[in-house]
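Each reported figure results from applying straightforward, stated rules to the coordinates on display, with no laboratory input. The shown structure was predicted, so the numbers you read here are calculated from the model rather than taken from an experiment. For neighbour counting, all protein chains shown are included, and Cβ atoms are generated from backbone atoms with ideal geometry for every residue, glycine included.
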Amino acid sequence: MSKVTEQFNWRVVCEPKQLFNIGEASEREANDLADDIRKHIPDAAHIRVLCDAEDRCSHCWVTWSADSHGQPSCCTAAQLEWAREDAARSEVPA
Ligand SMILES: [Zn+2]
């Protein structure tokens, strides 16, 4: 597993936006707050839990990049893992 998707900047977006501003939260905190808002403010129909996401290397944690064959370019550990997986894929009979 070389490529992992990091999810960060979890937030609850409420409209009208002036109602709430919770700042930084975990995924669970954001979902719990969104549930609480829905329970107590039935009219707040426009509530969404959002986060940003970025693919990263599980070995060196830099932003994921790979060539057209899928071979990572960030570090030797990721390249060796990719080479092992690529060899295993080649051994599977068609
Ligand atoms: Zn890497």
Study note, to complete from the structure: Calc'd 3J(HN,Hα), segment 72-80, phi into Karplus 6.51 cos²θ - 1.76 cosθ + 1.60 (θ = phi - 60°), Hz, glycine/Pro = x, comes to x, 10, 7, 7, 5, 4, 5, 5, 5
Check your understanding: Using 1/(1 + (r/R0)^6) with R0 = 22 angstrom and r between the beta carbons of C51 and C75, what's the FRET efficiency to the nearest 0.05?
Key -> 0.30
Exercise for review: For V62, enumerate residues with amide H under 5 Å from its amide H, sequence gap 5+ or separate chain, H modeled in the peptide plane.
Suggested key: C57
